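Student: Structure in structure tokens, see below.
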Amino acid sequence: MRGALWVHGELTPEGGLAKISTEVATAARTVAAEAGLDLVGVVIAADPAAAAAELATYLPRVLAVTEPATADHAAGMIVGQRLAALIERDGPAFLFTGAGPEGRDLAGVVSALTGWGVLWNAVAVGWTDGRPTVRMSVFGGKLLTDSTFTGERGIVTIRPNVVSAEAAATPGTVEPTDAAGELSQPVVRIVERLEEAGAAAPIEEAKIIVAGGRGVGGAEGFTLVQELADALGGAVGATRAAVDSGWIGYSQQIGQTGKIVKPQLYLALGVSGAIQHKVGMQTAGTIVAVNRDPDAPIAEFADLIIVGDLFEVGRALLVELRARSG
Amino acid sequence: MRIVVLVKPVPDPASAGERLGPDMRLDRAATPAVVNANDEYALEAALKLVEQHGGEVTLLSMAPSTATDTMRKALAMGATRGVLVTDPALEGSDLVSTVTVLAAALKSLEYDLVLAGADTSDGGGGLVAPGVAARLGLPYLSYAARIAPDPDAGTVRVHRIAPTGFEVLEAPMPSLVVCTQALGEPRYPSLKGIMAARSKEVTTRSIADLGLADDAVGGAAVTTRVTGTEKPPARGATKVVRGAPDEAAREVVAFLAERRII
């Protein structure tokens, strides 16, 4: 029997399939074709039907496991346990998942329960000598490494925006499957869900990010940042200084203690480009900066820098973009 | 309350010298070590909790023996004591070994909460904390923006950062909480704190002390290995635009259109 490559299907808060999982599935399809591995998706949720059906447009076979506990309990530990037990039962060789917060929780749990190694934050995945090879960006982007597993089993987590999601030529089938094993780990109850006004799509997945730094000067300044993001169809990002000053929420922070992003366009307003921020955004496709200081560190790695007042330039840019979109 | 904070010494991200040695492992001699920035947020959260509820904070690291220096820096912020698991056999440890060792070390400590940073600036995996929780069977509460223990009830509530807001989680203690920067900026060590840190207790433990065999962890038990490295491609030259805002804006739009971004 051929070994199998499993893809974990992550859910959106609405119960659909997370975008990252469509990318992971696409990457896994390429690896499985080269490696001659069977390809299987797994969705574990209180109501897995919608996400499983969506995942089946990318993969030939998807297991849908109904796990009622995730409806009102923190999902990572529960899904991780169920997945580890299914792995034990069915014996796949590899598991691919997303490298976002949910994927990290899951990969950490599955690794601890199976003893499998993890290659994380892949920026590319290939297949060499019977094993996956994973390219990772380390030391804040100063070095790229290629790694593999020492054994025949392992978990790979893949960063957002590494591959473009592409549906399979022929859709696959969804198989409702019983969960395996017991929930022996303690469950953590969700006592309340608090919606945060303005909470947007995760910035890790955004194709365009408009980011504000210390130069934006205050919470009001972020209105312009938001307007530019809206005009470009992108998301708002921020530096640690802007977040620590309380001008914008932590979930928008990019950099060493925030998120690592790889958008097509990174438009930086009043961002100096200190190393702690640079590590979070330097692999962006195109970097455009607006800064008063032509000698700011960001001038060294931006593709284009406009030397000037960010509010004057930003407002002029808004006019041009709005005129363009008609 | 008794709180254990997981602390990792990492190569200073502000230094330019981070590199792998010929053995494809981190060349620790090449750069000075600092406390991982996200771990400082976890430590700050722990210090605030014991200020509020009483108790003590123990730092736990797995690192080379030189890490006592880095640990003193964290002790200067106000932690009570440090425990350093260090052993030549741990050289070359991967994620699986790290989780095994930290879980074993925690078994020998008493605590109500284990706090960890969201990830590290060198590895950046963010996988150790969920692994340790699963190994020890601890309730796992990740990505905390707020931590509110109720010592009388023996429970802890955490605001977990979720895609559309927060999930308010509740679990019995002891449990493991992953901290984020939203918990508040770490304090600077005071001169008094720095002086006091010199005489604080730092215990070192070998893997034999933890009841682990030499070949169960470290280089002898790796599950992954680095096969090659490459310098990332350099970005092209920077185009500099000066001039009136509306002209500059038109240039940006033309530049983005040329690159098919808009």
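Student: Show that you can apply the helix-only estimate: for chain B, add -39,500 (n - 2.57) for every DSSP H stretch of four or more residues, divide by all residues, and state [θ] at 222 nm to the nearest 500.
Tutor: -8000 deg cm²/dmol
Student: Now, a different point. Projected area of region A:41-82, taken from the Cα convex hull and averaged over every viewing direction, in nm²? Don't jump to the answer; show the numbers that get you there.
Tutor: On the way: hull surface 10.8 nm².
Reported value for the Cα convex hull: 2.7 nm².
Student: Work out the FRET efficiency for residue A:49 and residue A:194 from their Cβ-Cβ distance, taking R0 = 22 Å, and round it to the nearest 0.05. Don't skip to the end; give the middle numbers.
Tutor: On the way: r = 27 Å, r/R0 = 1.23.
Using R0 = 22 Å, I get an efficiency of 0.25.
Student: Also: Starting with the highest mean, order A:40-50, A:12-22 by the number of other Cβ atoms within 10 Å, averaged over the residues of each peptide.
Tutor: A:40-50, A:12-22
Student: Counting only DSSP beta bridges with both residues in region B:1-103, tell me the antiparallel percent, nearest 5.
Tutor: In region B:1-103, approximately 30 percent of DSSP beta bridges are antiparallel ones.
Student: Which percent of Cα pairs goes in each bin when the distances of region B:81-133 are cut into 5 angstrom slices starting at zero?
Tutor: 4, 16, 28, 28, 19, 5, 0
Student: About the Cα centre of the protein assembly as shown, what is the dipole size in debye to 20, counting +1 per Lys and Arg Cβ and -1 per Asp and Glu Cβ, all else neutral?
Tutor: Numbers: 51 positive and 67 negative charges, 204 e Å.
It works out to roughly 980 debye.
Student: In the P(r) worked out for chain A, what percent of Cα pairs fall beyond 34 Å?
Tutor: 30
Student: Given a 1.4 Å probe, show me the residues in region A:142-169 buried by at least 50 Å² of accessible surface when comparing the whole protein assembly to the chain alone.
Tutor: Residues passing the criterion (a loss of at least 50 Å², heavy atoms only) are A:142, A:143, A:144, A:146, A:148, A:150.
Student: Put one equal scatterer on each alpha carbon of region B:1-85, apply the Debye formula with no solvent term, and list log10 I(q)/I(0) at q = 0.14, 0.19 1/Å to two decimals.
Tutor: With one equal scatterer per Cα and no solvent, log10 I(q)/I(0) is -0.50, -0.80.
Student: To continue, here is another question. Going by alpha carbons, how many degrees (0 to 90, nearest 10) lie between the helix axis of B:37-53 and the longest principal axis of chain B?
Tutor: Its long axis makes an angle of about 50 degrees.
Student: What average count of beta carbons from other chains do you get within 10 Å of the Cβ of residues in A:183-192?
Tutor: 6
Student: Continuing with this model, one more query. In whole Hz and in residue order, list the ³J(HN,Hα) couplings for region A:259-265 that follow from phi through the Karplus curve 6.51 cos²θ - 1.76 cosθ + 1.60, θ = phi - 60°; x for Gly and Pro.
Tutor: Working through the residues one at a time gives 9, 9, 10, 9, x, 5, 10 Hz.
Student: Extending each Cα 7 Å along its Cβ direction at residue B:69 and residue A:183, get the distance between those two points in nm, one decimal.
Tutor: 4.9
Student: Just from the alpha-carbon atoms, what are the Rg and Dmax of chain B in angstroms?
Tutor: Taking only Cα atoms of chain B, I get Rg and Dmax of 21.7, 70 Å.
Student: Additional query: If you wrap a convex hull around the Cα atoms of region A:6-84, how much volume per residue is inside, in Å³?
Tutor: Given the Cα convex hull of region A:6-84, per-residue volume reads 79 Å³.
Student: Also: What is the local net charge at residue B:208, summed over the other residues whose Cβ is closer than 14 Å to its Cβ (Lys, Arg +1; Asp, Glu -1)? List each step's numbers first, then the result.
Tutor: Working: positive: B:205; negative: B:87, B:209, B:214, B:215.
After counting each charged neighbour, the total is -3.
Student: Please list, in chain and number order, the residues 5+ apart from residue B:155 or on another chain whose amide H is under 5 Å from its amide H, with Hs placed from the backbone.
Tutor: Here the answer is B:150, B:173, since their amide H atoms fall under 5 Å of that of residue B:155.
Student: Moving on. No solvent, one uniform scatterer per C-alpha: report log10 I(q)/I(0) for region A:203-325 via the Debye equation at q = 0.10, 0.12 1/Å, two decimals.
Tutor: -0.24, -0.35
Student: Go through B:189, B:42, B:59 and say which Cα lies farthest out towards the positive end of the charge dipole of the protein assembly as shown; charges sit on Cβ, +1 for Lys and Arg, -1 for Asp and Glu.
Tutor: Ranked along the dipole, the leading option is B:189.
Student: Taking the Cα centre of region A:9-104 as origin, sum charge times position over the Cβ atoms of Lys and Arg (+1) and Asp and Glu (-1), and report the length of that vector in debye to the nearest 20.
Tutor: Value, rounded to 20: 160 debye.
Student: Across bins of 10 angstrom width beginning at 0, how are the C-alpha pair distances of the protein assembly as shown distributed, in whole percent?
Tutor: That works out to 3, 17, 27, 27, 18, 6, 1, 0, in percent per bin.
Student: At 1.4 Å probe radius, can you tell me the per residue accessible area of region A:5-177 in Å²?
Tutor: Each residue of region A:5-177 exposes 32 Å² on average to a 1.4 Å probe.
Student: For the charge dipole of the protein assembly as shown, defined by +1 on Lys and Arg C-beta atoms and -1 on Asp and Glu C-beta atoms about the Cα centroid, which residue among A:108, A:176, A:232 has the Cα displaced farthest towards the positive pole?
Tutor: A:232
Student: Under the rule of at least 5 residues apart or a separate chain, name every residue whose amide H is placed under 5 Å from the amide H of residue B:146.
Tutor: Excluding prolines and chain starts, which carry no amide H, the hits are B:159.
Student: Here's another thing I want to ask about it. Using every alpha carbon pair in region B:138-212, what percent of pairs falls into each 10 Å bin from 0 up to the bin containing the largest distance?
Tutor: So the P(r) values, bin by bin, are 16, 28, 28, 26, 2.
Student: Sticking with this one: For Cα pairs less than 8 Å apart in space and 6+ apart in sequence, what is the mean separation divided by the residue count of chain B, i.e. the relative contact order in percent?
Tutor: 24
Student: I'd like to check one number: the per residue accessible area of region A:203-325, probe 1.4 Å, reported in Å² as a whole number. Spell out each step's value before the answer.
Tutor: Values: 4340 Å² over 123 residues.
For region A:203-325, the per-residue accessible area is 35 Å².
Student: Can you tell me the Rg and the Dmax, both Å, for the Cα atoms in region A:5-177?
Tutor: Taking only Cα atoms of region A:5-177, I get Rg and Dmax of 14.8, 45 Å.
Student: In addition: Sequence gap at least 6, Cα distance under 8 Å: using those rules, report the relative contact order of region A:5-177 to the nearest whole percent. Let's see the in-between values first.
Tutor: Working: 377 pairs, mean separation 49.4, N = 173.
Computed over region A:5-177, the figure is 29 percent.
Student: In peptide A:74-81, what is the residue-averaged number of other protein chain Cβ atoms found within 10 Å of each Cβ?
Tutor: Details: counts 11, 1, 8, 9, 0, 0, 5, 1.
Whole-number average of other-chain Cβ neighbours for A:74-81 is 4.
Student: On the principal axes of its Cα set, how long, how wide and how thick is region A:74-145? Give whole Å, largest value first.
Tutor: 37, 31, 16
Student: Same structure, new question: With no solvent and one equal point scatterer placed on each C-alpha of region B:103-170, evaluate the Debye formula and give log10 I(q)/I(0) for q = 0.25 Å⁻¹, two decimals.
Tutor: -1.27
Student: Give me the net charge for the shell around residue B:89: Cβ to Cβ below 15 angstrom, other residues only, Lys and Arg +1, Asp and Glu -1.
Tutor: -4
Student: Could you state how much accessible area is buried at the A-B interface, both sides summed, with a 1.4 Å probe, in Å² to the nearest 100?
Tutor: On the way: alone 15770 and 14880 Å², together 23400 Å².
Counting both chains, the buried surface is close to 7200 Å².
The values are calculated or read from the model by the stated rules, or taken from the named source; none is laboratory data. Note that the coordinates shown come from a computational prediction; the quantities given were computed from them, not determined experimentally. Quick reminder, even Gly has a Cβ in these numbers, built from the backbone with ideal geometry, and neighbours come from all protein chains shown. Accessible surface is based on the protein model in full, side chains and every heavy atom, while ligands, DNA and RNA are left aside. Shrake-Rupley method; radii C 1.70, N 1.55, O 1.52, S 1.80 Å.
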